[in-house]
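Here is the structure we will look at.
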Amino acid sequence: MQHDKVLILDFGSQYTQLIARRVRELNIYSEIHPFNKIPKDIDSYKAVILSGSPNSVRGEDALHPELDNIRAKKPLLAVCYGAQYLAHFSGGEVAPSSTREYGRANLSYIKDNEVFFENISEGSQVWMSHSDTIKTLPTNGVLIASTSDVANAAYKIEGEDTYAIQFHPEVYHSTDGKQLLENFLVKISGLKQDWTPDSFVEETVDAIKAKVGTDKVVLGLSGGVDSTVAAVLLHKAIGENLYCIFVNNGLLRKDEFHSVLKQYEGMGLNVKGVDASKRFLDALAGVEDPEKKRKAIGNAFIEVFDDESHKLTDVKWLAQGTIYPDVIESVSATGGPSATIKSHHNVGGLPDFMKLKIVEPLRAIFKDEVRRVGATLGIDPELLGRHPFPGPGLGIRILGDVTAEKVRILQEVDAIFIDGLKSWGLYDKVWQAGAMLLPVNSVGVMGDERTYEKCVALRAVESTDGMTADWVNLPYEFLQKTSNDIINKVKGVNRVVYDISSKPPATIEWE
Ligand code: XMP
């Protein structure tokens, strides 16, 4: 790769991925590696950032990076734990904070003529999240910024391109955080800002061509953003040698199989739609436990995909829509090397398609970058903006056992809810939405008739990554209209409730 790159050493902070994303928003490529696994080709990185950490530099579980080939040899930015580390072990002192230093603060002092703070003024809001504080700066440390509570909020080391900050520039609440990263990476470290979706597409297409050559590749399309963007990239590189399989598991949204299949065909993809609804429903018959349902659906998918790939001859590669968060090694709180990478085991006993060589064109990019790459590739914005949808589909939104009739009911309900969100202009304000069919019958009255029918729960959440989520305050008028539409139009439903639980402690899906 010809781009300048930044190495981010991870000490286990919840914000580490945000650092990488903010850097990439500046069109600079960044990689995250565990603090204790510094890449051997360290010379290929033009700057290094040390992340925060839940650990304390004063504790026995302090994490010790090996900085001999970094410190004073290339520009270094130390954030939070990193800043405390450089202070505590290089002649300064870190102590517990006397006041809690969480949340908003404002820079009350900035040293004059510091390139690091160019275009940032006193008063600028920063985000603190630490319980230790730097009491004394390290040897050759020069104070460059303070807040009213944190005297040593930022320092640099005389004679080095080493900068350290106690606050988190990567979170949006640090209003000039991006500017600060730009000052460090561009003005101080001299990195080029040439990592763009266009350059990514061009280079990835070349890399796929070089890797795969004239071999055939098979890919499972799901209707989601990642597999779609992966398919379009591969198609651009190898054309008809990409064989896409789009399986209808019978648990998709209403009409989704046919409409998405049409869309794929319209995009010129070499795609085969396989309607295996019956096979999935048979596998699910009488299964009530959520995890067993997931297994049954997963196994059925593997069987169908294996059958279909056997119909193709000479396929050498399996393409997947794996993205960067699935690949990043995580650092455990104790600093142990706890590699939790998803792996694809090339061992016996697995279906044949799993023994294929793997090509993952999106392995280096985050979800928001996948969307930007998708836009560059000319993919329909509506498809790119689709809410996440779980692999097991409506199978885990029908609580208890799954039948064709329950799928029909839930598809109707879901369609009214989702179409309503779209027509009220609410769809893009919601991160994910859907309906759950509850295993509950309740009494109602329609006309003069007593009814005893199903209850559905609507769920709409705001989130950034699905790890935490909050329910969305949808307008009452919208809920009123949606509830009326569902009860009047969907036979078998006489009650609608709205889920007002956040995650945690609830989860987004009910199963
Ligand atoms: P939860 O319910 O754990 O969901 O709060 C978080 C996100 O993950 C999705 N989800 C799944 N996706 N297979 C998937 O591919 C699954 O089994 C599964 N379970 C939950 C969920 O839709 C949400 O976006």
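Among beta bridges identified by DSSP and lying wholly in the chain, the antiparallel ones come to about 45 percent. In the frame of its principal axes, region 9-88 has Cα extents of 37, 26, 20 Å, reported largest first. Expressed in Å, the radius of gyration and Dmax of the Cα atoms of region 453-501 are 12.5, 36. Taking only the C-alpha atoms of the chain, Rg followed by Dmax gives 26.3, 86 Å. Charge dipole of the chain (Cα centre as origin; +1 on each Lys and Arg Cβ, -1 on each Asp and Glu Cβ, all else neutral): 580 debye, rounded to the nearest 20. Cβ-to-Cβ counts within 10 Å put 158, 25 in ascending order as 158, 25, the fewest first. Given 10 Å bins starting at zero, what is the percent of C-alpha pairs of region 152-291 in each, up to the one with the largest pair distance? Calculated over all Cα pairs of region 152-291, the distribution is 10, 24, 19, 17, 19, 10, 2, 0 percent. Computed about the Cα centre, the dipole magnitude for region 1-73 is approximately 220 debye when only Lys and Arg (+1) and Asp and Glu (-1) carry charge, each at its Cβ. Computed from Cα atoms, the angle from the helix 476-489 axis to the main principal axis of the chain rounds to 30 degrees. The C-alpha atoms of the chain define a longest principal axis, and helix 367-376 lies at about 70 degrees to it. Using a cut-off of 21 Å between Cα atoms, the listed pairs 111/192; 5/178; 40/156 include 111/192; 40/156 as exceeding that distance. So what's the gap between the Cα centers of region 103-157 and region 5-48, to the nearest angstrom? Using only Cα atoms, the two centres lie 22 Å from each other.
Taking Cα atoms only, the orientation of helix 16-25 departs from the longest principal axis of the chain by about 90 degrees. For the chain, the mean residue ellipticity at 222 nm estimated from helices alone is -8500 deg cm²/dmol, where every DSSP H run of n ≥ 4 contributes -39500 (n - 2.57) and the total is divided by all residues, rounded to the nearest 500.
Taking every DSSP beta bridge that has both ends in region 110-256, the antiparallel portion is near 65%.
Per the Debye calculation on region 201-276 with a single equal scatterer at every Cα and no solvent contribution, log₁₀ I(q)/I(0) for q = 0.20, 0.23, 0.26 Å⁻¹ amounts to -0.81, -1.00, -1.20.
Projecting the Cα positions of 383, 420, 441 onto the charge dipole of region 370-451 (unit charges on Cβ atoms of Lys, Arg, Asp and Glu, taken about the Cα centre) puts 383 furthest along the positive direction.
Read-outs: derived from the displayed coordinates by stated rules, not from any lab. If you're wondering where the values come from, they're calculated on a predicted model, not measured in any experiment. Positions of Cβ are backbone-derived with ideal geometry, glycine not excepted, and every protein chain shown enters the neighbour counts.
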